1. Based on the mean of other Cβ atoms within 10 Å per residue, sort peptides 183-190, 699-706, 151-158 so the most packed one is first.
2. How many percent of DSSP beta bridges within the chain run antiparallel, rounded to 5?
3. Could you tell me what fraction of 2.2 N^0.38 Å the Cα radius of gyration of segment 293-333 comes to, as a two-decimal ratio?
4. Let me know the charge dipole size of segment 198-252 about its Cα centre in debye, to the nearest 20, where only the beta-carbon of Lys, Arg (+1) and Asp, Glu (-1) is charged.
5. Report the rotationally averaged projected area of segment 145-207 based on its alpha-carbon convex hull, in square nanometres.
6. Provide the solvent-accessible area of E495, counting protein heavy atoms only and rolling a 1.4 Å probe, rounded to the nearest 10 Å².
7. Pull out a ≥ b ≥ c, the square roots of the eigenvalues of the alpha-carbon gyration tensor of segment 52-97, then state rounded if a/c is under 1.5, prolate if not and a/b is larger than b/c, and oblate in the remaining case.
8. Roughly how big is the chain's charge dipole about its Cα centre, with Cβ charges of +1 (Lys, Arg) and -1 (Asp, Glu), in debye to the nearest 20?
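The values are calculated or read from the model by the stated rules, or taken from the named source; none is laboratory data. The model shown is predicted, which means the values in this text are computed figures rather than measured ones. We place every Cβ from the backbone using ideal geometry, glycine too, and count neighbours over all the protein chains shown. With ligands, DNA and RNA removed, areas are computed over all heavy atoms of the protein, side chains included. Shrake-Rupley method; radii C 1.70, N 1.55, O 1.52, S 1.80 Å.
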Amino acid sequence: MPVDLGRLKRVASSAVSVVTGPIAARLALPEGRFPAAHDWVADLRSLRWLDDDRFELVGWAYDREVDYTGTQPAVQVWAQSEGALPRFVPLEVTIDPSPEANQLSNGATRDADYSGNCFRAVGSLAQLCRYGTRQWNFRVSVAAGASRVQGQFTKVYGFGPAGYRTSRRCAAGTALPRWSRTGLSILVVPLLPTATGIVSDGDRLSIDVAHRGTITSAVLVSSQGRTKLEVQHGPQGSTLVGSLPAVDPARPWQEATPGVWGYPVDDPATALPWLQHRVLVRTAGGEKPVLIGSGELLEANPALVEAGPDGELRLDAGTTWGIITGAELVGDDSPVLRVSGRCSGDLAGARFTLANERDTRSGSVTQDGDSFTAEIALLESHWDLAALPPQIGRLTLKATTADGLVIPVRCAPGVIDKAPDSVWNRWFRLYYSVKAGKVLAPRLAIPLTTEEIGTHNQARIRAQYESGEWPIVDKMYFESFYGRQCGCNPLALREEMVARHPDVPRVWAVRDLSVAVPEGDEAVVDATTAWWRARAEARWLVVNDWLRARFTPREGQTTLQTWHGTMYKKVGLDRGEQLDAEEREFMLGERKKWDLLLSQNPHSSRVFRESYLSNPPIYEEGYPRNDLLVNGSGERIRSVLGIQEDQKVVLYAPTWRDDRTELIDYLDVNKLVADLGGGYVVLLRAHSRVIRVGSAAKVGAGVIDVSTYPNTTDLLLIADIMITDYSSIMFDYAVTGRPMIFFTPDMADYRDQLRGVYLDLEEVGPGPVVSTQDEVLATILGIDDVAQRFAERYAQWQADYTPWDDGGSSARVLDRLLVDAPPADPAILG
C-alpha cells in the first residue's frame, strides 16, 4: 500500500521505549508534535537481512484503546530521515496475521483481536543510500475505521535477530541498524573499514578490507594483547595478512566483548580455552574496528568468523568450539531437537544438554570432519514414570567435555534468524530464541494451537464454556496445586474411585505435560480448549486449592474442596490486615464455588467456618492421602529413589514464604548428610510453589532432590525422621508416629510479621523446635532420647489432629460424595 507522503511530512509521534531480552533498557522519548495513540504498542519481533540489500521487519502495531476485532487494519511502515527536510522511504508491507500479538506477555491487555495488525515489511538499503549519509528512523501507521494512529517501534524482542543487529556495506558507505530512544533506526555513514573476504589456511589468514583513505596499520586485539597484521595495498582496498596467535593456557578464557555478545561462563576455570579477536585498523581518522560487510563471510567461515556489536568482525580461536548453523525440532510423539553446525577440534566425546533450573536433557553427538550433529530427546523418564517433556520455560543448550569442561557453542545468524518463530506438537509449543552470548535457548510453552493463543482466543473459548454448549456428563475432574502435580487428596480419591468404579472417566488438569498423570486418566493442559471443556462437563470436581476466576459453577456440578493441609499458618480472613480489599473480595468469591469441604480434624473444620465464612457441608473424615501411611509399603519407593536397605532416611520439607519465590535453604543439607555419615540419606522436598520458579538445589552425594517427585505422601511413608518448619506436613507425618524436628530460624518474623500462626509449636509441638544447623545434627544423633521426651505431646498431637486418619478416609469420603452427588446414570458405578 503506498504511503501518503503529504500526510507523513506533517507527523511525528512519541512513546515510551522498552527493550526486552538480554539488552533490556528503558528509554524516555521527547514530546511528539502529532497526537500520539492513546496507548500505542509497536513491537519489533525481528530484523532479518534477506540478502546484502534487502532487510525485513516483522512485528505488530496497534492502539490498545481501539478494538480491531473483525476488521483488517491498513498498516504502513516507512523510514523517515532526520533533519529539517526529512525524506520518506516506504517499505513493502504484507499483513501476516498472528495470535501472538494477543498474548498478555506481548502487551495485549484486553480481549480485542490484534492479530490482523501483524506485518512483514521489506525495505532496501539501496533506496536509503540514494540520499547519502543520514539516520533513518522507522515508523508504523495503523488505520481502521475512524481511527488512524502512528508512531515508532516501542519494544524490541531481544532474543533473536532484532537483538543481534549487524551492519551491511552499501552504496553510500556502511549501514548500521540501531535501537535507541527513537526506536529502530538505520544509520548510514561514510564507508567504515569493512571485511569483504577472508581466506584461512590453518593459523594463517588474510582479510580483504574495503575502506576510505589509507590503512597504515592493523592488529588483532584480544584479552591476551595485540598481534600485528601486515597491510598489503591493492586497487580494490587492502589485505591484512597474519597469523592467529595461540591461546595462552595460563589464561583459559578470553573474549572480546563480555555480556550480551560474549559467551557466558560462570567460572573460566571450568571451560576449554577459547579466545575471540577483534580486528582494528588505523587510518587518518584513528583506530577503527573492521566490520562485516556481507552475510557471505559468515556463511563461508562459520567456525572462524562471528559478528560482534554493530557487525564488528570477530575471529574465534581455541581448542574446541562449535557454531550452530541449523536447529530443528523433529518428531511429534517423541520430539527431538536436532542441532547441526561446524566445529573446530573434537566434539565426538562431548555431552550436549538442554537444561532449565530443574531439568536436564542429554543428547548424542556425531562428527564428520569439521561438521557435527547433536540430537537431544525432549521426552525422558523420571521416578520410574512414563517419558515426559521438561516443564515449560526456557531451556539452555550447553556442551561439555567428558570431564565437564564447557565447550563454547554459539548460534550462527541463520539460527538467530529463526527467533521468535515457533513450532507446535502435542507436548508443547517450542519458541526458537537465542540468549546472551548467542546461546541457543528455546522456550517451551504449553501446547496451545493458533486458535487458542492469546487473550482474544481465550475470551472466545471462555464464552463457549459459559454458554452451556458442553453438557455435563458423569466424569470426575481432578486438580492438585493448580495443576502443578497429580497428588495429595485428589490422587487418593482417584485411587479409590478406580478400585471401586473404574468405568467413571477421569481427567486431570495440569499446568503442562511435564506433570505425570495416572495411567488410564486424561491430561488436559491449562487454557487449552480441552481444559475448558473438562471444567464445563465434569459432574464432579475434586480439587485441593482455589479454582480461581476462570471457573463458573454450573447447576448439576459438585465441587469437593479437599484442601491440602491442616492449618498451622493463618489462612483466609484470619490474615487480617495482610489482605487488601480486593484480596478479601476475591477470596470470599472463591469459597462460593465449593459445594463440599473436606476437613482432617475439628481444628480444620473450625478454621474453615471462621476464616472463609464458609457454610457448605464439611466432611470431617481425615485425609484420604494419609491412607497410604497406614496401609502402604515403602519398599518400591525406596528402590525407585535408590536408597539402600540399611540407610536411614531424613526428609527435609520446608514450606514456602510469602516474601520469596526461591527454595528455603536455611538448612545446608549437603553438610548435614556429611556430618551424619554414610548410614543416612537426606531427601530434599521443596514446596510446589517454588519448584517452578526457583533454581534446583545443588545437592551432593547422599542427598536426593525429590522436589519434582509426584506424590509427597510416598516420601512421608519412607522417612525415618522428618525436618520441617511451618508446613502442614507436620500433621500428616504424625500418622506414622515417627519423630519430627522443627527447624525454624525465622520463627519470630514468620509468626509475628509475615504470616501469623494458630499454634505455638514450642508449647504443643510433637518435636523439638531448633534454630541452628548444629542443633538439627545433635537432635538427629540423639533422636531416640528426643522421641521419648516428646512422647506425651506427640500422642496428644495425634489425638487432636489425626483422629480420623485410620486408613479408611478415602472410602468414607467417596461414599458420602456419591450419595450427596449421585451420577446421572447409576449403571456407570457398576
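1. The peptides rank, most packed first, as 151-158, 183-190, 699-706.
2. Within the chain, antiparallel bridges account for around 75 percent of the total.
3. For segment 293-333, the normalised Cα radius of gyration is 1.51.
4. I would put it at about 200 debye.
5. It is 7.8 nm².
6. Estimated to the nearest 10 Å², E495 gives 90 Å².
7. Oblate is the answer for segment 52-97, as a/c is 1.5 or above yet b/c matches or exceeds a/b.
8. 3580 debye
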